[in-house]
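Inspection log for the structure reproduced underneath, given as structure tokens.
The values are calculated or read from the model by the stated rules, or taken from the named source; none is laboratory data. Remember, it's a predicted structure, so these values are computed and weren't measured experimentally. Cβ coordinates were reconstructed from backbone atoms using ideal geometry, including for glycine residues, and neighbour counts include every protein chain displayed.
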Amino acid sequence: MAVYELTARGRALEPVLLELGRWGSQDPVTASRELSASALLVALKTVFDPAAAIDATFALRVDGQWFRVTVAGPSIDIVAARTERPTVAFDTDVATLRAVAFGRESLTEAERAGRLTVHGDRAAAERFTRMFPVPAAL
């Protein structure tokens with residue numbers, strides 16, 4: 001499997017791309033397909049609210065793909081990687097993560113429906129769901 005990483009020059013564009021994402025999040029999503037896991041995680045980064053955040057490491061297994069979300073102070077870092085000893089680990093699909101992260105479904109509802117498994121600090125898991133406020137259109 002090939003792994004691609006951005007160069008330092010490519011990473012320097014991240015603030016510009018996130019601003020474009022914030023701008024774009026003001027319009028309703030009209031696509032008929034669900035976002036990819038990677039696209040959803042970029043969307044989460046664009047609406048991240050440091051004031052609602054908790055310093056923690058989250059392991060996300062989304063449709064079988066692992067991501068590490070590290071929140072420290074006012075910053076968030078998301079990489080495609082598995083992490084050992086996360087504060088919380090979520091195992092779910094893209095649609096469920098989107099609904100839970102954007103506040104359209106509670107963790108408990110998704111767990112009861114069998115679409116989400118949560119391991120670790122329950123308070124941190126609940127806090128995760130409040131770190132990504134978005135306009136109602138999303």
Considering segment 58-88, residues that are more than 12 Å from the chain's Cα centre (by Cα) and buried (at least 17 other Cβ atoms within 10 Å of the Cβ), and then whichever is modelled with the lowest pLDDT, we arrive at Thr83
If you go through Glu105, Glu126, Glu84, the only one that is farther than 22 Å from Glu34 by Cβ and in contact with a helix residue (DSSP H, G or I) (Cβ under 7 Å, 6 or more places away or on another chain) is Glu126
Of the residues in segment 99-122 that are of a type in the set (Gly, Ala, Ser) and in contact (Cβ under 8 Å) with a residue 24 or more places away in the chain, the one that is farthest from Ala59 (Cα to Cα) is Gly103
The correct count of residues that are closer than 22 Å to Val134 by Cα, not hydroxyl-bearing (Ser, Thr, Tyr) and not in a strand (DSSP E or B) in segment 46-105 is 23
- Taking Arg33, is it surrounded by fewer than 19 Cβ atoms within 10 Å (Cβ to Cβ) and modelled with pLDDT under 95? yes
When segment 107-131 is checked residue by residue, the ones that are of a type in the set (Lys, Arg) and either touching a Lys or Arg at 6+ places or on another chain (Cβ under 8 Å) or assigned to a helix (DSSP H, G or I) (or both) are Arg112, Arg122, Arg127
* To do: Might you check whether a residue that is at pLDDT 95 or above, surrounded by fewer than 16 Cβ atoms within 10 Å (Cβ to Cβ) and out of contact with any Ser or Thr (no Cβ under 6 Å at 6 or more places or on another chain) occurs anywhere in segment 43-56?
  => yes
Only one of Asp91, Asp77 is without any contact (Cβ under 8 Å) to a residue 12 or more places away in the chain and touching a strand residue (DSSP E or B) at 6+ places or on another chain (Cβ under 6 Å), namely Asp77
Restricting attention to segment 44-63, the residues that are over 14 Å from Ala89 (Cβ atoms), of a type outside the set (S, T, N, Q) and without any contact (Cβ under 8 Å) to a residue 60 or more places away in the chain number exactly 5
*Arg22 within 15 Å of the chain's Cα centre (by Cα) and either within 21 Å of Ala124 (Cβ to Cβ) or at pLDDT below 90 (or both)*: yes
